[in-house]
Amino acid sequence: MSDHPVEVEVAQGNTALLSPTLLAKLERLQLRNRRPLLGRLAGEHRSPAYGSSIDFADYREYHPGDDFRRIDYALLARLDQLLIRLFEAEDDLEVRLVIDTSASMAFGEKFNQALRVAAALGFVALTRRDVVSLHYAPMKLLAPRFRGRGGVPALFKHLSSLQPLGETAFAAAARGVLARPGPPGITVVLSDLLTTEWKDGLSSLPARGGEVVMVHILSEEDLRPSRGDDLAGDLDLVDVETGARVSVSLNSDLLSAYEHETQHWVDEVTGRCRQAGVGYLSVMAGDDIEQLMLASWREAGLLR
């Protein structure tokens, strides 16, 4: 199969990433870290030991499952509101969002879906007072960091400014994430993986430690190209990232073979992730973001 799609659909700017209704529902979620954090209570994630930090930060409404020992009973008696106390911590969980900003992501609304997923995961993390950092493939020198609920507008603004341009350079981006200092935390990669170096990139990521989750974002056209007259006969296929051209003669048999090879590739990606200890989540560009966050991903164990 070709490493990149044939066409590019140019994004006409990003509208509001997530609706207020969905944001209200996401407030009740938390990223699930299967490996216990070391040290003190980090943000709102349970830890084997409590540290000495007693710096009060904020209140939040109590949700079922929260530690009842953090309820402020004085406020409950005075205001009749069930609130829990939040404290500052030096070793809050860091959530690294690695976003594929290459040209292939513009095809079939994949990039806008990646931004929506990144915004949702970032919002959940920041609402729970985790630290969120953004990384890119192709790699940028600066990895902006956001902390706490106050960082949500800046995160959304930064995400909305991104555009899918250039080549993937996925392996270099993975090594760049590994080189940055900080605790293991959770690394979430959002990419179509349409690059010849996807294996090297995936094998590099777990070396840092912590949780690694691969969010594989594809469009329907990636898997099953249109069988209309526009994809029949003698054609020049152009790689949207490198500009390389390949002359082909397309027919229904060749398209069927492409679909078979593409499914084999997806299965191989899934298997490689499993072997490397990387969580794998498949997302189609047209999937409903609310269904993903509130149902599918809670069942998969990424959110709780």
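Points worth noting:
- Residues within the stretch 281-304 that are without any contact (Cβ under 8 Å) to a residue 60 or more places away in the chain and surrounded by 14 or more Cβ atoms within 10 Å (Cβ to Cβ), tallied: 3
- The stretch 128-160 - residue that is modelled with pLDDT under 90 and assigned to a helix (DSSP H, G or I) and, of those, nearest to the chain's Cα centre (by Cα): Arg149
- Some residue of the stretch 173-194 being within 25 Å of Gln275 (Cβ to Cβ), polar (S, T, N, Q), at pLDDT 85 or above and open to solvent by less than 30 Å² (accessible area, probe 1.4 Å): yes
- Those residues of the stretch 262-280 which are in contact (Cβ under 8 Å) with a residue 40 or more places away in the chain and over 20 Å from Thr187 (Cβ atoms), in sequence order: Thr262, Gln263, Trp265, Val266
The values are calculated or read from the model by the stated rules, or taken from the named source; none is laboratory data. Keep in mind that what you see is a predicted model, and the values were worked out from it rather than measured. Cβ: placed from backbone, ideal geometry, glycine included. Neighbour counts: every protein chain shown. Calculation scope for accessible area: heavy atoms of the full protein, side chains included, ligands and nucleic acids excluded. Shrake-Rupley method; radii C 1.70, N 1.55, O 1.52, S 1.80 Å.
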